[in-house]
Amino acid sequence: MKALASLTSVLAFVACASAAQQSYFFHHSATPVAVPGGTSSFFLDDTAPAAAAPTLEGGPSHRHTTLTFPTFIGRPFASDATLMDPCVTVGVFLSAGAELDGCVDLMARIDRVDSGGARSQLACESVTGVRVPRGLQGGAVGSRPFTLALPIGSGTVIHAGESVAVTVFFVNNCDQDRPVHLAYDAEVTPAQLGFGACGLAFGGDDEGCLPDSRDHLKCAETLGKAFTKAISAVIKCHQKQADGRFKGDDATSAGDDEEGCESSNPRSAKAKLDEAIGKASSCSSTQLTVAAAYEAVLFGPQTNSSSLDARNSDVYCDSASGSPIGDDDAGFVASNRDQLKCADSVGKGLAKLIATAIKCHTKKAHEIFAGKPFAEETCEETDPVSGKGALDTFDALRDKLVAIGICPACLDGAHLDALAADALGRIDAENEFLFPCVANATAATCP
C-alpha cells in the first residue's frame, strides 16, 4: 500500500489550468492504520481502489439538516511538502433512497492534521442545488460522481509527520427525509481528494477531468464527435492533395484546393467544426474556451508541431522524390503509386484510430456517471477477447501493409507502431481539451 509518505521532499502542484493532479483515494480498513496522532479506519492514500463492490457510509438524512460523513485522514508525510498554487478537489459518489432534485448542497472541509492529530482548516468549499440520484442495493449501485473544486492559497506547507484530511457534509434542504450513501473504495467509485487540477481526474494515462454534470458530459460528447469528424476530414483533404501532387498538380493549385477543403470554404472541415461547436448545448464557458484553443492547435501552421499540417509528414514521409508537397503542409510527394497507396491507407488508419480512442474516452466518462466499470485501455488499445480494440484494428492494417510490401522504409512495421503509439499518446494528452478541469465550488463556512 502506497501512502502519502511516497511524496517526500518535493511536491510541485500546479494551477487549475493544468490537468496535472495528485490524487489521494478514500479507503477503509477493518484494521485501523497509522495517521498523525493515532490510527483510523478511514484513511487516504495514492493507491487507486481496485475492489469490484464499493464500501458504503451514510444513513438517514432528515429534511433541513446536515449529515456528516466520516473524516478520511492521510498517512503522515515523510518530509515537508509545499502546495504550490493548487486547486483542491474533492470527488465523491453519492446516492439517496429516492431522487433529491436540486435541493441538496454539498460541502467539503480540507484540514491540515498536525503530528499530534489536531486539525486546522485549509479550505471549505460547497456546491449548491445539486441533484442526487436514487441508488439501488443500499447505495451500492446507482451513485453518481460529484466534484467540488476550489483554488487554494499557494505556499501552504505540510510538515513532516503531518498530513491532510477531508470531511464531506450533505446538506438536505429538501422537504423529504431520505437515506443517503457515500460509495467509495471501489474501481467504479474512486472517491478522492486531489491537489493540482480543478476537478476529478479523468484517471489512467488520460489528462483532463471528469465533467461535473450530465449537461457538461453531453457537451463533451458533442465536442468529441465534432473534433473526430474534423480530424478525419482534414486527413482526407491531405490525402486528396497528396494524390493530386502525385498525378502532376503543381504545389500552388493543389495547395489552394487543400486549403479550401481544410479551412477556407464555407463547407470546409473547419467551418463544419465551427458550426458544430456553435450548436453544442449545455456547455460551460470553460468547455467552449478550451474547444476553441484545441481548434487553434489542430488548424495551426506547420510550425506548430501539434498541428495537423505539421503531422502530415508522419504519413507522407518518404523524401525520395525530392518534391515537398508544398503550400503550408509538411510531407513529400510519393515516389510511386504503391507508396502513395500505402501512405493514403496509413492516413485513413490513423484517422480511425484517433476517432475510436476519442469515443473510448467519452464512453469511459459515461460509464463512470452510470457507476459501471469500463476497461478504457482495452477499448483504446488491445482487446484480448474480441480483438477489436482501436489499436488491434490499426495493427491489422499494419500487418496487411507489411505483408504486401508496398510501403517506404519510413512506414515499415516499426514506424507504424511508433505512429500508432504517438497518436494514442497525443489523444490521451489532448483529452483535457474535451474534458477540461475547472473550479466549480465556492468558498463556504463548514461545520
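For this structure, a couple of remarks:
- By the beta-carbon count within 10 Å of each Cβ, the least crowded to most crowded order of HIS64, HIS181, fewest first, is HIS64, HIS181.
- Given charges at beta-carbon only (K, R positive; D, E negative), |dipole| of the chain in Debye: 1160 debye
- Relative contact order (percent, whole number), region 145-254, Cα cutoff 8 Å, 6+ residue spacing: 19 percent
- Interchain or long-range residues, amide H under 5 Å from LEU122's placed H: ILE110, ASP111, ARG112
- Estimated FRET transfer efficiency (SER335, ASP399; beta-carbon r; R0 25 Å; 0.05): 0.60
- Helix-only arithmetic for the chain: the sum of -39500 (n - 2.57) across DSSP H runs with n ≥ 4, divided by the residue total, places the mean residue ellipticity at 222 nm at -11500 deg cm²/dmol.
- Computed extension length for GLU187-ALA375: 66.6 nm, one decimal, from 0.36 nm per residue of separation with the Cα-Cα distance subtracted.
- On Cα atoms only, tilt of 285-298 relative to the major axis of the chain in degrees: 30 degrees
- Relative to the dominant Cα principal axis of the chain, helix 214-247 is inclined by about 20°.
- Close Lys pairs in region 275-428 (alpha-carbon distance under 13 Å; sequence gap of 8 or more, or different chains): 4.
- Annotation for GLU367 and THR303: the two label points, set 7 Å from Cα along the Cα-Cβ direction, are 4.3 nm apart.
- Listed by chain and number, the aspartates and glutamates whose C-alpha is less than 20 Å from the C-alpha of LYS272, apart from same-chain residues fewer than 8 away, are GLU221, ASP256, ASP257, GLU258, GLU259, GLU262, GLU295, ASP309.
- Three-way shape call for region 4-201 based on the alpha-carbon gyration tensor, with the a/c threshold at 1.5: prolate
- Extension gain (nm, one decimal) between SER282 and ARG214, 0.36 nm per residue minus Cα-Cα: 23.6 nm
- Computed from the C-beta positions of HIS62 and ARG426 and an R0 of 45 Å, the FRET efficiency is 0.35 to the nearest 0.05.
- Sorted by Cβ density within 10 Å, fewest first, the residues PHE369, PHE43, PHE246: PHE369, PHE246, PHE43
- Taking all pairs of distinct alpha-carbon atoms in the chain, Kirkwood radius in angstrom: 23.9 Å
- Theoretical FRET efficiency, 1/(1+(r/R0)^6), r = Cβ-Cβ of VAL33 and GLN176, R0 30 Å, to 0.05: 0.20
- Relative contact order (%) - criterion: Cα under 8 Å, at least six apart; region: the chain: 19 percent
- In order along region 89-95, phi translates into HN-Hα couplings of 10, 10, x, 10, 10, 10, 8 Hz, rounded to whole numbers, per the Karplus curve 6.51 cos²θ - 1.76 cosθ + 1.60 with θ = phi - 60° and x for Gly and Pro.
- Principal-axis tilt of helix 390-404 within the chain, Cα atoms, nearest 10 degrees: 20 degrees
- Nitroxide proxy distance, nm - points 7 Å out along Cα→Cβ at SER323 and LYS247: 1.4 nm
- Local electrostatic count at PRO76 - Lys and Arg +1, Asp and Glu -1, tallied over other residues with Cβ under 11 Å: -1
Values in this text are rule-based calculations from the coordinates and carry no lab data. Since the structure is predicted, the reported quantities are computational estimates derived from the model, not experimental observations. All Cβ positions, even for glycine, are placed from backbone atoms using ideal geometry, and neighbour counts span all protein chains on display.
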